[in-house]
1. Scan the range 14-34 residue by residue and report those that are surrounded by 11 or more Cβ atoms within 10 Å (Cβ to Cβ) and either more than 12 Å from the chain's Cα centre (by Cα) or basic (Lys, Arg) (or both).
2. I'm trying to understand the selection: among the residues of the range 42-53, which are under 14 Å from Val12 (Cβ atoms) and open to solvent by 20 Å² or more (accessible area, probe 1.4 Å)?
3. Quick one: would you say Ile11 is loosely packed, with under 13 Cβ neighbours inside 10 Å, in a helix (DSSP H, G or I) and at pLDDT 95 or above?
Amino acid sequence: MEMETVKLSQIVMKWFPEMIPFFRQNELNSMIVLRDGLSILEQEDALEIIQFSICEHQNQTPLH
C-alpha cells in the first residue's frame, strides 16, 4: 500500500461523523499523511490521529 494524504475531515467522517460539529474548519482541513492509506485505517488508529490533531491545534492557539 502507498502513502496517502487526506484531510482530517475524511478520517472523522469515516469513523466518527457525529463529532464533525465539534471541530473548527481549520482543524477539519488539516492534512494527515497515512502510511498505508485511508482504506485500511483502523478505528482505534483513527481515534489516535484525531486526538493528536486536537492537541496540536490546542498548542497552536494563543492563550489570552
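1. We begin by selecting, within the range 14-34, every residue surrounded by 11 or more Cβ atoms within 10 Å (Cβ to Cβ); these are 14-16, 19-20, 23, 27-30, 32, 34.
Result: Lys14, single match.
2. Residues of the range 42-53 that are under 14 Å from Val12 (Cβ atoms), as a first pass: 43, 45-53.
Once the filter is applied, which keeps residues that are under 14 Å from Val12 (Cβ atoms) and open to solvent by 20 Å² or more (accessible area, probe 1.4 Å), the range 42-53 yields Gln43, Asp45, Leu47, Glu48, Ile49, Gln51, Phe52.
3. Details: loosely packed, with under 13 Cβ neighbours inside 10 Å: no; in a helix (DSSP H, G or I): yes; at pLDDT 95 or above: yes.
Against the criterion (loosely packed, with under 13 Cβ neighbours inside 10 Å, in a helix (DSSP H, G or I) and at pLDDT 95 or above), Ile11 does not qualify.
The values are calculated or read from the model by the stated rules, or taken from the named source; none is laboratory data. Given the structure is predicted, the values throughout are model-derived calculations rather than measurements. Virtual Cβ from ideal backbone geometry, glycine too; neighbours counted across all protein chains shown. Surface areas here come from the heavy atoms of the whole protein model, side chains and all, with no ligands, DNA or RNA. Shrake-Rupley method; radii C 1.70, N 1.55, O 1.52, S 1.80 Å.
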